[in-house]
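Some notes on the structure that comes next.
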Amino acid sequence: MSDVLILGGGLAGLACRAALPAHRSATVLEAADEVGGLLRVHARGDYVFDSVPHVIFFRSRRLLEALRGLLPGGLHSFPRTNSIWQGGRRIPYPYQFNARALPDATRDECLAGFRDNPFAGTGSDGAATFREWLRGEFGPGFFQHFFQPYNEKLYGVPLDELEAAPLRWTIPSENGRAVLAGEGDPAGAPELFYPAGREGIALIPKVLAELGRGDVLTGAEAVRVDAASRTVTVANGREFRYRNLVSSLPLPELLKMLEGVPDEVRELGSTLAAVPITVVQVGARTTGAALPDIWTYFPDADVPFYRMTRLERISADLAPAGGTSILLECAGTVAPDRESVLAWLHAQGVVPREAVEHYDAWHVPYAYVLFLRGYRRTLERIRRALSERGILTTGRYGGWMYADIEMAMKSGLMAARRLDPSGAPTATARIFAA
């Protein structure tokens, strides 16, 4: 009998285990062969690739310093560098604060639309769609030229199908003077962090797994959850009884394997949607000078990826000296044509075709949660039914939210608190609460 059974050994699940009071323990079941969820790296000879791009940006300095102390090689810092590639032109990021870098006609249209915005205020309602909010904040020009094509390329649905509220924090907007000046982000580039060494971002879940009490079992894929008997069955047939269950699995996947709930509750999972993506890895011995930023965004439909990440700009440990480890993120499950991708990178001066030594693609079935209209009512019904049966959900996909590393870790802490609200917090929990 497990005191607490945690499904999923990603950040949220491991943080929950680490933050439980000292008198409690938790067993973690992780389907993959190592912990971390999407915070994993793939070493390919001299090249190291994050499964998906990650950097560390914590609002809590105390939590940042605590994490730095846990990592054997510490953290190194660097400024964020982003740009947008549109119509063959490099535009500084964010688009809305860099109108002076746009072609003259586009700049004039965007700024005039912002000054005389016919949609101003229409997206301020808490029930506004993403389309309404973007047009209301930035006007028709910025919306038409960047926000609509980029976000529809990323999310794969019309923007009036998405709720704005969960996405507003991802787009800086509240500085009309800076938008009209069009000469750069008034907030400047934030300081970002990344673990030293070739293990990269995967070090974070590894050190978290060393905290807390109880087993962390890899290669243990949950396939059945019986809420009535409080039993989880894994793929090899082994059963785990539990007193409390915490799941960081994607909600639709949890509901598929859940027994002991009404069919209508289980079927709610089919109404939740997320964007799958395909991540292309390119390793090259030498790199060109074009598109040198850490991240470059591509709103144009004729470019098959929506974002490029230069991992060697994040950490020199991830590529050979003078070389590059590149991630190209493509919405959907169809990998772009290899030769077309390499020809594009060569033609733009990013990577010489003859320098490429590694190329691969892999799929991420859950990447970005889609906040489809009405999703909150669905979540409330699911959470109420799960809570009544002693099941807590946490993390980006268990909580069905847009979360960065810090938010995912703190969601695990919140789950630990809900399990034992009166228990004396551990040192780990006190750090996370900072």
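Over the chain, what is the relative contact order in percent, taking alpha-carbon pairs closer than 8 angstrom and at least six residues apart?
26 percent
Using DSSP to call loops (not H, G, I, E or B), can you name the trypsin sites (Lys or Arg not before Pro) in region 69-176 whose Cβ has at most 16 other Cβ atoms within 10 angstrom? Intermediate values should be presented prior to the final figure.
Details: sites: ARG80, ARG89, ARG90, ARG100, ARG107, ARG115, ARG131, ARG135, LYS153, ARG168; in loops: ARG80.
Filter output for region 69-176: ARG80.
Is there a quick way to get the dipole size of region 86-197? I mean about its Cα centre, with the Cβ of Lys and Arg at +1 and of Asp and Glu at -1; what is the value in debye to the nearest 20? Present the calculation step by step, with values, prior to reporting the outcome.
Values: 10 positive and 15 negative charges, 68 e Å.
Value, rounded to 20: 320 debye.
How high is the relative contact order of region 70-159, in percent, with contacts defined as C-alpha pairs under 8 Å that are six or more residues apart?
Reported as a whole number, the value is 19 percent.
In debye, nearest 20: dipole of region 308-362 around its Cα centre with unit charges on the Cβ of K, R (+) and D, E (-)?
Dipole about the Cα centre, nearest 20: 140 debye.
Rank-order 183-189, 286-292 by packing density, defined as the average count of other C-beta atoms within 10 Å over each peptide's residues, highest first.
286-292, 183-189
Pick from LEU208, LEU251, LEU268: which is most flexible by mean-square fluctuation in a GNM of the chain where alpha carbon atoms under 10 Å apart are linked?
LEU268
Looking at the chain, do any whole DSSP H helices span at least 20 angstrom along their long axis by alpha carbon and average -0.5 or above on Kyte-Doolittle, and which?
The answer, listed by residue number, is 405-419.
Of PRO92, TRP133, ALA284, whose Cα points farthest to the positive end of the dipole of the chain (charges on the beta-carbon: +1 Lys, Arg; -1 Asp, Glu; origin at the Cα centre)?
Highest projection toward the positive end goes to TRP133.
Given the C-alpha centroids of region 322-346 and region 209-245, what is the distance between them in whole angstrom?
Cα centroid of region 322-346 versus Cα centroid of region 209-245: 38 Å apart.
With semi-axes √(5λ) of the Cα gyration tensor in Å as the read-out, I listed (1) 47, 31, 19; (2) 37, 27, 21; (3) 37, 28, 17; which label goes with the value calculated from this structure?
(2)
Based on alpha-carbon positions alone, could you give the equivalent ellipsoid semi-axes of region 274-369 from the gyration tensor, as √(5λ), descending, whole Å?
21, 15, 12
Where the centroid of each part is defined by its Cα atoms, how far is region 114-130 from region 252-319 in Å?
Cα centres, region 114-130 to region 252-319: 29 Å.
How about region 75-151: which GluC sites (Glu not before Pro) there lie in a loop by DSSP and see at most 11 other Cβ atoms within 10 Å?
In loop regions of region 75-151 (DSSP not H, G, I, E or B), there are no sparsely surrounded GluC sites (Glu not before Pro).
Read the figures in this text as sums done on the coordinates, not as results from a lab. Keep in mind that this is a model prediction, so the values were computed, not measured. Note that each Cβ is placed from the backbone with ideal geometry, even for glycine, and that neighbours are counted across all protein chains shown.
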